[in-house]
Amino acid sequence: MSAKLEFAVKMSSPSCADKIQDQLSQNGISKSDVHISHETGIVTITTDQPSSLILNSIEKTGIKAVLKGYGSATLDKNLGAAVAMLGGSTGYSKLVDGTIDGLSPGKHGIHIYECGDLSNGCDRIGDHLNLKQTSHGNQTDDPNFRHTGDLGNITANEDGRAIFYFKDKLINVSHLIGRSVGITENEDDCGKTKINTSDIDGNSGKRIACGIIARSSGLFENNKKICACDGVTLWEERDVPLAGPGRQRKI
């Protein structure tokens, strides 16, 4: 299943569009799957690659880009998408697409949890989301032999970065909003070892990062260019804190 991604791109001249198209072609993205508007600064791409890889590809041209909207290439965009920003504790959304930094190299469990209470780090987010009241399993298991929130494992490289992009046949955006996603310290055995807490959490250990799941902007739903409350522009957003005095734009 492919996704359709909308990027805001800081293009200074029409030649920027050619640079972006050439770079995307080098990354295996067909010209027919790309639409670039220099006038609006919007690039839309249909792809089955993780959004972070596409973003990096665009920015290899030296042009800044920001992911603004996410939708399905084959389903009604109004079915929605969800997003979470994870922090450490020390849609039909059948496509799960993400990038996480700061992990120890190797496999880590990833799960959807019942609650979105981050008032005490990841301690109050509850158990795995389990709408069918089943035992713990793998993301690829039959729905009767896995929790709704069982998404298996992600793998961090030697730099601590995990990039993941996979389908899930069970989760739905309407189940997720207001809950949380969490990453565990250890690999999830997906209920296969049947020892200790295998049937509950796959012996995956403590939660080391978690974030509340919120409704994400769909395609062409996010028109923000500047935050009226503090003057931070779209292009500055990634370089400032989410909140607090450090976010204030220096004038």
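In a fully extended conformation the segment linking C227 and N120 would gain 35.7 nm over its present Cα-Cα distance, using 0.36 nm per residue.
For the chain, carbon and sulfur atoms together expose 50% of the accessible surface, with a 1.4 angstrom probe and every protein chain in place. Working from label points 7 Å from Cα in the Cα-to-Cβ sense, the Q26 to S12 distance is 1.9 nm.
Just by accessible area at a 1.4 angstrom probe, what is the order of S119, S30 from largest to smallest?
Details: S119 80, S30 55 Å².
Largest accessible area first, the list is S119, S30.
For the chain, the 222 nm mean residue ellipticity estimated from helices alone, with every DSSP H stretch of n ≥ 4 adding -39500 (n - 2.57) and the total spread over all residues, rounds to -3000 deg cm²/dmol. Here the Karplus relation 6.51 cos²θ - 1.76 cosθ + 1.60, evaluated at θ = phi - 60°, turns the backbone of segment 138-148 into coupling constants of 9, 4, 8, 6, 4, x, 7, 10, 7, 6, 4 Hz, with x for every Gly and Pro. Were the residues from R161 through N144 laid out at 0.36 nm apart, the gain over their Cα-Cα distance would be 2.9 nm.
Here K194 is the anchor, and the aspartates and glutamates within straight C-alpha reach of less than 20 Å, apart from those fewer than 8 places off in the same chain, are D127, D141, D142, D150, E185.
Strictly over 26 Å apart at the Cα level, which of K4/K224; K68/K132; K60/K225; K31/K64 would you flag in this model? The partial results should precede the final answer.
Values: K4/K224 19 Å; K68/K132 34 Å; K60/K225 22 Å; K31/K64 20 Å.
From K4/K224; K68/K132; K60/K225; K31/K64, over 26 Å: K68/K132.
Labels on offer are [x] 1.40; [y] 1.07; [z] 1.19, and the one holding Cα Rg over 2.2 N^0.38 Å computed from this structure is [y].
Neighbours of L129, meaning other residues whose beta-carbon lies under 9 angstrom from its beta-carbon, give a summed charge of -2 when Lys and Arg score +1 and Asp and Glu score -1.
FRET efficiency for the pair L53 and T197, taken as 1/(1 + (r/R0)^6) with r the Cβ-Cβ distance and R0 = 25 Å, rounds to 0.15. Per-residue SASA remark: E221, around 90 Å² accessible (1.4 Å probe; ligands, DNA and RNA not included).
Residues with beta-carbon under 9 Å from that of D188, excluding D188: net charge, scoring Lys, Arg +1 and Asp, Glu -1? Walk me through the numbers before you get to the answer.
Numbers: positive: K107; negative: D150, E187, D189, D201.
It works out to a net charge of -3.
Listed by chain and number, the aspartates and glutamates whose C-alpha is less than 13 Å from the C-alpha of K19, apart from same-chain residues fewer than 8 away, are E59.
The values are calculated or read from the model by the stated rules, or taken from the named source; none is laboratory data. Please read all numbers here as calculations on a predicted model, not as lab measurements. Don't worry about glycine lacking a Cβ; one is built from the backbone with ideal geometry, like all the others, and counts go over all protein chains shown. The protein model used for the area step is the full one, side chains on, heavy atoms only, and it has no ligands, DNA or RNA in it. Shrake-Rupley method; radii C 1.70, N 1.55, O 1.52, S 1.80 Å.
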